[in-house]
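Worksheet: one structure, shown below.
The values are calculated or read from the model by the stated rules, or taken from the named source; none is laboratory data. Worth saying up front: this structure is predicted, and the values here are computed from it rather than measured. For neighbour counting, all protein chains shown are included, and Cβ atoms are generated from backbone atoms with ideal geometry for every residue, glycine included.
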Amino acid sequence: MSLTAEQQARIAALVSDHQTQPGGLLPLLHAVQDELGHVPDAATPDIARAFRLSRAEVRGVLSFYHDFRDEPPARHELRLCRAEACQSMGSEALAQRLRARTGLDDAGRSADGGLELRPVYCLGACACAPALLLDGELHARIDAAMLDALLAGCLEEGGAC
Ligand code: FES
């Protein structure tokens, strides 16, 4: 998908801010994602040129760090922690429940763009496991009923989580 004129202008300004900074590629990619919600693939040629890298090298960085996305985020993003402390407190059963309730894979996105599931590996809330992030907000000591309630808010048409 091509960039809008506004996106091109913002990316150009961010590239200008970061291209002379040592190790500036990662801060630039974070800045682009912070502003646009994702790093559009169409931006990689200009970024690569600015940093004297190949497009493949820029794409390699983007794919290595799983938090980068190449498409706009879904309306709701639910990130269930799958690391050890949460696993020991039942996150696998919650993951199964999520898959069953949404019909999505662990890293799936609904066709209408309403909900995206993404695993995460430790939210720093191990003492309150199992934990998840919903639209950036931490929810801890999650049980099946709490998960269902959070999901219901996401799945309702226009529902706010
Ligand atoms: S292991 Fe889940 S919050 Fe740390």
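A few points about this structure:
- Members of the stretch 107-144 found to be of a type in the set (Ser, Thr, Tyr) and surrounded by 14 or more Cβ atoms within 10 Å (Cβ to Cβ), listed by number: SER110
- Some residue of the stretch 107-127 being part of a strand (DSSP E or B), closer than 20 Å to ARG75 by Cα and within 16 Å of the ligand (Cβ to nearest atom): yes
- Any chance LEU62 is closer than 19 Å to ARG118 by Cα, out of contact with any His (no Cβ under 9 Å at 6 or more places or on another chain) and not acidic (Asp, Glu): yes
- Restricting the first member to the stretch 64-91 and to residues that are modelled with pLDDT of 95 or more, and the second to residues that are among the basic types (Lys, Arg) and within 16 Å of the ligand (Cβ to nearest atom), the beta-carbon pairs closer than 6 Å and six or more apart or on different chains are ARG79/ARG118; SER91/ARG82.
- Of everything listed in (1) buried (at least 16 other Cβ atoms within 10 Å of the Cβ); (2) over 19 Å from PRO119 (Cα atoms); (3) touching a Lys or Arg at 6+ places or on another chain (Cβ under 7 Å), the single unmet condition for LEU28 is (3).
- When the criteria are applied in full, ARG79 meets the requirement of being basic (Lys, Arg) and assigned to a strand (DSSP E or B).
- Just one of the listed residues (ALA42, ALA50) is free of Cβ contacts under 8 Å to residues at least 40 places away in the same chain and over 20 Å from LEU138 (Cα atoms), and it is ALA50.
- Of the set (1) away from the ligand (no atom under 14 Å from the Cβ); (2) over 30 Å from MET1 (Cα atoms), all apply to ALA140 but (1).
- Taking every residue in the stretch 1-16 that is surrounded by fewer than 12 Cβ atoms within 10 Å (Cβ to Cβ) and pairing it with any residue that is assigned to a helix (DSSP H, G or I), at least 6 positions away or on another chain, the pairs with Cβ-Cβ distances below 7 Å are MET1/ALA42; SER2/ALA42.
- The conditions of being out of contact with any Gly (no Cβ under 8 Å at 6 or more places or on another chain), more than 16 Å from the ligand (Cβ to nearest atom) and under 19 Å from CYS154 (Cβ atoms) are not met by GLY24.
- Filtering the stretch 128-154 to residues that are in a helix (DSSP H, G or I), among the small types (Gly, Ala, Ser) and within 18 Å of MET89 (Cβ to Cβ) leaves ALA144, ALA145.
- Scanning the stretch 107-118 for residues that are in contact (Cβ under 8 Å) with a residue 24 or more places away in the chain and more than 14 Å from ARG69 (Cβ to Cβ) yields SER110, GLY114, LEU115.
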